[in-house]
Amino acid sequence: LCGDLQMQVPFTFSLLCLQVIKCKAAVTWEANKPFSIEEVEVAPPKAHEVRIKIVATGICRSDDHVITGALVMPFPIILGHEAAGVVESVGEGVTSIKPGDKVIPLFVPQCGECNGCLSTKGNLCSKNDIGSGTGLMPDGTTRFTCKGKAIHHFIGTSTFTEYTVVHETAVAKIDSAAPLEKVCLIGCGFSTGYGAAVQTAKVEPGSTCAIFGLGGVGLSVVMGCKAAGASRIIAVDINSDKFAKAKELGATDCVNPKDFKKPIHEVLIEMTGQGVDYSFEVIGRTDTMTAALACCQYNYGVSVIVGVPPAAQNITFDPMLLFTGRTWKGSVFGGWKSKDSVPKLVADYMKKKFVLDPLITHTLPFTKINEGFDLLRTGK
């Protein structure tokens, strides 16, 4: 029960806290199959957990990577990790968040105690489920069941459901006036791309940048490079339909590798003289990762891997690319310490320090999630 029955707490409220919620969720039963809208049972939050009513959730390529097998996770699973919602209930010991609060779930938690959280050099909390991919809550169990079967969580969030349960370290309280259908993008896409430029790479005023991939995250990198004062921002994509949006958000040049017979890194070096100061791979392909490294300045260029690397693939590259002085970096969630930074990013959005509307191409009802993924896969 929620408390001692002798306290002045209504007994009916105490029982309410223990209820299982039945709701709709998009369940992925196996790889390379469409989402199935099912009725699932969502258990109440345990100690230091939070149950959230999801109001809006974005579609991210990382979710699709699980379906195709490029990112290995256990099935069946409820995917989704870019969302915003309202707290429905909290477990014992939760003090920082209360029912009714507007929140954003965090696929990179912030426990505040591990080396990653305590260091000023990184942001990847050791409590994350990205590398291990257990698909379970920190206590080793799940809060979802469907048709009598346990359903796995996805990187501690699982937002393709009307209700989800997350650990207290994996949720951030945000401005109560924030529009959830827009700031949900701060849960992954915008923060990941924008932060890769301003937080991980630390792009400098007057610098030159190249961004490989112009999905939502890539466009957010463009916005970050512009905000940092880059003088030249070269957007690279094999889909020229994306160039107009890239230029709207700050790209100075747009390049389609299909328009050239020579390797794209050679094209970029010719365009800039000695290569770009900063390059960003925002696709998740090994060939574009090496191309992004090769296109940056041979001595002091910095290349950042933002796209999720495909499983069971290795990179082969000429070590001279690094020997001459280039830096190769990775960036998870834009380098932001999640619980600290997400509320501040939402506040900056409310102050109109950046825009999110251009990143939203379609708004669909939850039951059309498969159509949403078709739009993603066709580059629309």
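The values are calculated or read from the model by the stated rules, or taken from the named source; none is laboratory data. It should be emphasised that the depicted structure is a prediction, and the values quoted were computed from it without experimental measurement. Glycine gets a Cβ as well: all are built from the backbone with ideal geometry, and neighbour counts include every protein chain shown. Ligands, DNA and RNA are excluded from the accessible area calculation, which covers all protein heavy atoms including side chains. Shrake-Rupley method; radii C 1.70, N 1.55, O 1.52, S 1.80 Å.
GNM, the chain, Cα, under 10 Å: largest mean-square fluctuation among Tyr300, Tyr194, Tyr163?
Tyr300
Who wins for biggest fluctuation among Phe260, Phe317, Phe144 in a Gaussian network model of the chain, springs between alpha carbons below 10 Å?
So, out of Phe260, Phe317, Phe144, the one fluctuating most is Phe260.
Can you tell which of Thr95, Thr145, Thr134 shows the greatest fluctuation in a Gaussian network model of the chain with Cα springs below 10 Å?
Looking only at Thr95, Thr145, Thr134, the largest GNM fluctuation is found for Thr95.
Net charge within 13 Å of His265 by Cβ-Cβ distance, Lys/Arg positive one each and Asp/Glu negative one each, not counting His265 itself?
Overall, the nearby charge balance is -3.
Sticking with the crude label model, points 7 Å out along Cα→Cβ, report the distance from Glu30 to Leu364 in nm, one decimal please.
2.3
Among 291-297, 303-309, how do they line up from the highest to the lowest mean number of other beta-carbon atoms within 10 Å?
291-297, 303-309
For Lys22, Lys337, give me the order by solvent-accessible area with a 1.4 Å probe, most accessible first, ignoring ligands, DNA and RNA.
Solvent-accessible surface, decreasing: Lys22, Lys337.
Give a residue-ordered list of calculated ³J(HN,Hα) values for region 314-319 (Karplus: 6.51 cos²θ - 1.76 cosθ + 1.60, θ = phi - 60°; whole Hz; x for Gly, Pro).
Values, residue by residue: 10, 9, 10, 8, 6, x Hz.
What do you reckon, how do Thr290, Thr316 stack up by accessible area (1.4 Å probe), largest on top?
Thr316, Thr290
Take Met137, Met271 and sort them by solvent-accessible surface of the protein heavy atoms, 1.4 Å probe, largest at the top.
Met271, Met137
Using θ = phi - 60° and the Karplus relation 6.51 cos²θ - 1.76 cosθ + 1.60, list the HN-Hα couplings for region 352-364 in order, rounded to whole Hz, with x at every Gly or Pro.
My calculation for region 352-364 gives 6, 7, 8, 10, 10, 3, x, 7, 9, 8, 9, 10, 10 Hz in order.
Under the classification rounded if a/c is under 1.5, otherwise prolate if a/b is larger than b/c and oblate if not, where does region 201-330 fall, given a ≥ b ≥ c as square roots of the Cα gyration tensor eigenvalues?
Here region 201-330 falls in the rounded category.
Percent of accessible area on the chain owned by carbon and sulfur, 1.4 Å probe?
Carbon plus sulfur share of accessible area: 55 percent.
Quote the accessible area belonging to Tyr298 in square angstrom, nearest 10, computed with a 1.4 Å probe and with ligands, DNA and RNA left uncounted.
110
Just the accessible area per residue of region 201-330, please: how many Å² with a 1.4 Å probe?
46
State whether region 258-380 is rounded, prolate or oblate according to the following rule on the C-alpha gyration tensor (a ≥ b ≥ c being the square roots of its eigenvalues): a/c under 1.5 gives rounded; otherwise a/b larger than b/c gives prolate, and the remaining case gives oblate.
Here region 258-380 falls in the prolate category.
Net charge around Ser126, counting only other residues with Cβ within less than 14 Å of its Cβ (Lys, Arg = +1; Asp, Glu = -1)?
Combined, the nearby Lys, Arg, Asp and Glu give 0.
Lys pairs in region 201-330, Cα-Cα under 18 Å, at least 8 apart or on separate chains: how many?
So the count works out to 6.
Let me see the pair-distance distribution of the chain: every alpha carbon pair, 20 Å bin width, integer percents in order.
Computed distribution, short to long bins: 29, 55, 14, 1.
Suppose only helical runs count, i.e. DSSP H with n ≥ 4. What mean residue ellipticity at 222 nm does that imply for the chain under -39500 (n - 2.57) per run, divided by all residues and rounded to the nearest 500 deg cm²/dmol?
Only helices count here, giving -6500 deg cm²/dmol.
Give me the net charge of Val302's neighbourhood, meaning all other residues with Cβ under 9 Å from the Cβ of Val302; Lys, Arg count +1, Asp, Glu -1.
Result for the local shell: +2.
Suppose R0 equals 45 Å. What FRET efficiency, 1/(1 + (r/R0)^6) with r the Cβ-Cβ distance, do Ile97 and Asp287 give to the nearest 0.05?
Result of the calculation: an efficiency of 0.55.
Can you list the HN-Hα couplings for region 137-145, worked out from phi with the Karplus curve (6.51, -1.76, 1.60; θ = phi - 60°), rounded to whole Hz and with x for Gly and Pro?
Ordered by residue, 3J(HN,Hα) equals 5, x, 7, x, 10, 10, 9, 10, 9 Hz.
Would you work out if region 28-125 is rounded, prolate or oblate? Take a ≥ b ≥ c from the square roots of the eigenvalues of the alpha-carbon gyration tensor; rounded if a/c is under 1.5, else prolate when a/b is larger than b/c, oblate otherwise.
Oblate shape, in that a/c is at least 1.5 and b/c is the bigger or equal ratio.
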